[in-house]
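Structure first, then comments.
Read the figures in this text as sums done on the coordinates, not as results from a lab. Bear in mind the structure is a predicted one, so any value in this text is a computation, not a measurement. Glycine gets a Cβ as well: all are built from the backbone with ideal geometry, and neighbour counts include every protein chain shown.
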Amino acid sequence: AQKVTQAQTEISVVEKEDVTLDCVYETRDTTYYLFWYKQPPSGELVFLIRRNSFDEQNEISGRYSWNFQKSTSSFNFTITASQVVDSAVYFCALSPPGGYQKVTFGIGTKLQVIP
Amino acid sequence: DTGVSQDPRHKITKRGQNVTFRCDPISEHNRLYWYRQTLGQGPEFLTYFQNEAQLEKSRLLSDRFSAERPKGSFSTLEIQRTEQGDSAMYLCASSIGGSSGYEQYFGPGTRLTVT
């Protein structure tokens with residue numbers, strides 16, 4: 001069985017602060033994929049990143065960075081110099097290998113960036 | 001706009017009525033997924049199609065739920081004899097095929113309210 005835990009249900013930061021969203025996952029698969037999605041107040045889920053379990057390199061995309069640590073089963077997401085537009089619910093997700101992807105989502109972390 | 005589209009965006013129905021939702025995936029995507037999302041939760045997988053074949057159904061999908069993708073393009077999700085517990089956002093997503101964990105692109109969702 002697959003499980004994704006996002007222990008932080010809500011976080012508030014002041015604009016320009018850095019913030020890290022935690023994600024811990026459980027799976028018996030040796031190969032798997034991890035994702036982060038953003039759900040702004042408008043409601044539509046927006047894909048942010050996909051990570052193969054074989055690739056433990058950290059990734060940076062503008063103000064976003066991701067830290068994948070297989071040893072601790074974590075895939076954390078950091079927003080640097082947060083902006084009000086970053087306010088949203090962020091979901092971490094996990095899918096098994098193979099030809100289809102039954103994605104298991106975490107409960108989400110609601111981020112509020114205060115101006 | 002060539003993203004995933006869903007219709008209707010909102011549906012209010014009385015308990016016991018049947019409802020049908022439509023999803024049009026991104027045109028080159030051969031995989032299509034349905035999820036349900038309730039307030040404060042992440043999306044929960046309901047079912048998945050590869051082309052016109054329905055390959056997996058969650059146990060969340062009771063006998064009152066049925067999904068089709070007749071020509072491997074758009075899909076419909078029907079709920080018969082709706083119950084108040086069916087009130088939720090129903091999300092459709094699509095992805096390309098292959099053995100890798102390709103990211104899913106989500107539509108705006110259909111919000112169902114059962115009164």
Measuring from a point 7 Å past the Cα of A:Ala81 along Cα-to-C-beta, which residues in segment A:1-32 have an amide N at less than 11 Å?
A:16-17
Working note, the protein assembly as shown: Cα radius of gyration (Å, one decimal) and Dmax (Å, whole number) are 17.7, 52
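Loop-only check: which GluC sites (Glu not before Pro) in segment B:1-56 are DSSP coil with at most 11 other Cβ within 10 angstrom?
B:Glu28
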In debye, nearest 20, what is the charge dipole magnitude of the protein assembly as shown about its Cα centre with +1 on Lys and Arg Cβ and -1 on Asp and Glu Cβ, if you could check?
660
GNM of chain B, Cα pairs under 10 angstrom: of B:Gly40, B:Gly72, B:Gly97, the biggest fluctuation goes to B:Gly40
Computed about the Cα centre, the charge dipole of chain B from +1 Lys/Arg and -1 Asp/Glu charges at the Cβ has a magnitude in debye, to the nearest 20, of 420
Two-decimal log10 I(q)/I(0) for segment A:3-115, as the Debye equation yields it once each C-alpha is a single scatterer, q = 0.10, 0.17 Å⁻¹
-0.27, -0.77
The long-range amide H neighbours of B:Glu56, using H built 1.01 Å from N in the peptide plane and a cut-off of under 5 Å, are B:Tyr48
Given the options A:Arg28, A:Arg51, A:Arg63, state which has the largest fluctuation in a GNM of chain A using a 10 Å cut-off (strictly under) for Cα springs.
A:Arg28
Cα centroid of segment A:59-115 to Cα centroid of segment A:21-42, whole Å
6
P(r) tail for segment A:29-93, what percent of Cα pairs lie past 21 Å?
25
Value of relative contact order over chain B, rounded to a whole percent, pairs C-alpha under 8 Å and six or more apart:
37
Where the only charges are on Cβ atoms (+1 Lys, Arg; -1 Asp, Glu), what is the dipole of chain A about its Cα centre, to the nearest 20 debye?
300
Candidates A:Leu45, A:Leu94, A:Leu21; GNM for chain A (alpha-carbon contacts under 10 Å) flags as most fluctuating A:Leu45
Can you pick out the pairs among A:Lys3/A:Lys38; B:Lys14/B:Lys71; A:Lys70/A:Lys110; A:Lys3/A:Lys102; A:Lys16/A:Lys110 whose Cα atoms lie more than 21 Å from each other?
B:Lys14/B:Lys71; A:Lys70/A:Lys110
What is the order of A:Ile79, A:Ile107, B:Ile79, fewest Cβ neighbours within 10 Å to most?
A:Ile107, A:Ile79, B:Ile79
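Using the eigenvalues of the Cα gyration tensor, what equivalent ellipsoid semi-axes result for chain B when each is taken as the square root of five times the eigenvalue, whole Å, largest first?
After scaling each eigenvalue by five and taking roots: 23, 14, 13 Å.
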Taking a crude spin-label model, label points 7 Å out from Cα along the C-beta direction, the A:Glu59 to B:Ala53 distance in nm is 2.9
Would you be so kind as to identify which of B:Ala67, A:Val14, B:Leu55 lies farthest towards the positive end of the dipole of the protein assembly as shown, taking Lys and Arg as +1 and Asp and Glu as -1 on Cβ and the Cα centre as origin?
B:Ala67
Per-residue HN-Hα couplings for segment B:55-70 [Karplus 6.51, -1.76, 1.60; θ = phi - 60°; Hz; x = Gly/Pro]
9, 8, 10, 6, 5, 5, 7, 6, 5, 7, 9, 9, 10, 9, 8, x
Contact order normalised by length for segment A:27-115, with contacts defined as Cα pairs under 8 Å and 6 or more residues apart; what percent is it?
29
